[in-house]
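Have a look at the structure below, then the notes.
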Amino acid sequence: MNKEVTSGFPAHTPFLEKAVLQAEPEPAEIDLQRTAVIVIDMQNCFATKGGFFDLIGEDVSNTQRIIDPISKITNKARAKGIKVAYIAMVNSPNLQDSGGPNSPFWYKLVLTCYREHPEWRDKLTIHGTWGADIVKQLKPQEGDIFVEKSRYSAFFGTNLDTILKTYNIKYLAFVGIATNICVEASIRDAFHLEYFPILISDATMNQGPPSTQDAAIFNVQACHGWVAITANFLKALD
């Protein structure tokens, strides 16, 4: 980030451990002591063969492409003392958090499949099922944050904002699934809550055609934050 833009960063809290992250639309100065990694929906239902995405025809083989960079990012973050927060899309077994037929959410994605394919129950986002579990390669570790959500955004109806403010977090690096749905929804809310969001583009996977990934990246670059790749984020943590 250039000096003019950097001067707009929060002056009331000076940088404690400044790092320069090569990103788009410009490099960004971040405070590593006020940074967290936000892992969105890396669950069996979205990322594993036999889960919801696989059952509706999404190519979950692409998941393997992002598991390795997410693992590298989370491991290095922990080693640096940076908080890692896992966000999971979870619905109660009785769907009391669904909003019911009066909610548009009732008619979209997982809940539609829940009603049309009750035999898929354990492969969806229902609490306590295999589908809702974080993939085995990325299981949360001691000291990580874990937050369940029932809507696309990690912030809607959750206590994530309170938790991050408790740790004085200001800079959020987002990884996970799906770039154009839950990741982007979370980034938009983070932006409006005055965080500085960073999308790690090669550690996220979209739902739908490649154009949806490109559109999400464009939206973040233009309006809601910064976009970086894994290698540059890891370098900034050195």
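The values are calculated or read from the model by the stated rules, or taken from the named source; none is laboratory data. Small disclaimer: the values here were computed from a predicted structure and weren't measured. With ideal geometry, Cβ positions are generated from the backbone for all residues, glycine too; neighbour counts draw on all protein chains shown.
Is it the case that E148 is under 20 Å from F53 (Cα atoms), among the acidic types (D, E) and part of a helix (DSSP H, G or I)? No, not satisfied.
Among residues of segment 148-168 that are of a type in the set (A, V, I, L, M), those with a beta-carbon under 7 Å from a residue that is in a helix (DSSP H, G or I) at least six positions away or on a different chain give the pairs A154/L160; A154/S186.
There is at least one residue in segment 210-231 that is in contact with a Pro (Cβ under 7 Å, 6 or more places away or on another chain), of a type in the set (G, A, S) and without any contact (Cβ under 8 Å) to a residue 60 or more places away in the chain. I38 meets the conditions (1) at pLDDT 95 or above; (2) in contact with a Cys (Cβ under 7 Å, 6 or more places away or on another chain) in every case but one. The failed one is (2).
Looking across segment 90-99, just one residue is of a type in the set (G, A, S) and at pLDDT 85 or above, and that is S92. Right, G157: touching a strand residue (DSSP E or B) at 6+ places or on another chain (Cβ under 9 Å), at positive phi and surrounded by 20 or more Cβ atoms within 10 Å (Cβ to Cβ) or not? The answer is no for G157. Being in contact with a helix residue (DSSP H, G or I) (Cβ under 7 Å, 6 or more places away or on another chain) and surrounded by 19 or more Cβ atoms within 10 Å (Cβ to Cβ) is the filter here; which residues of segment 188-201 pass it? Scanning segment 188-201 gives R188, P197, L199, I200, S201. For A77, only one of the following conditions fails: (1) surrounded by 21 or more Cβ atoms within 10 Å (Cβ to Cβ); (2) over 12 Å from T125 (Cα atoms); (3) modelled with pLDDT under 95. What is its number? Just one mismatch for A77, condition (3).
Restricted to segment 97-128, and to residues there that are surrounded by fewer than 19 Cβ atoms within 10 Å (Cβ to Cβ) and either within 23 Å of V39 (Cβ to Cβ) or in contact (Cβ under 8 Å) with a residue 60 or more places away in the chain (or both), the residue that is farthest from the chain's Cα centre (by Cα) is H117.
A Cβ distance below 7 Å, combined with a sequence gap of six or more or placement on separate chains, defines the contacts here; from segment 180-194, residues that are on the phi < 0 side of the Ramachandran plot reach residues that are in a loop (DSSP other than H, G, I, E, B) and of a type in the set (S, T, N, Q) in the pairs N180/N206; N180/Q207; I181/Q207; A185/S153; S186/S153; D189/S153. You will find that of A173, A185, A216, the residue that is closer than 16 Å to T35 by Cβ, crowded, with 17+ Cβ neighbours inside 10 Å, within 15 Å of the chain's Cα centre (by Cα) and among the small types (G, A, S) is A173 and no other.
Counting only residues that are out of contact with any helix residue (DSSP H, G or I) (no Cβ under 7 Å at 6 or more places or on another chain) and part of a loop (DSSP other than H, G, I, E, B), segment 101-124 holds 3 of them. Within segment 37-58, the residues that satisfy the criterion of being surrounded by fewer than 22 Cβ atoms within 10 Å (Cβ to Cβ) and touching a Lys or Arg at 6+ places or on another chain (Cβ under 7 Å) are G50, L55. Restricting attention to segment 74-96 and to residues that are without any contact (Cβ under 8 Å) to a residue 60 or more places away in the chain and outside any helix (DSSP H, G or I), the residue that is nearest to the chain's Cα centre (by Cα) turns out to be N91.
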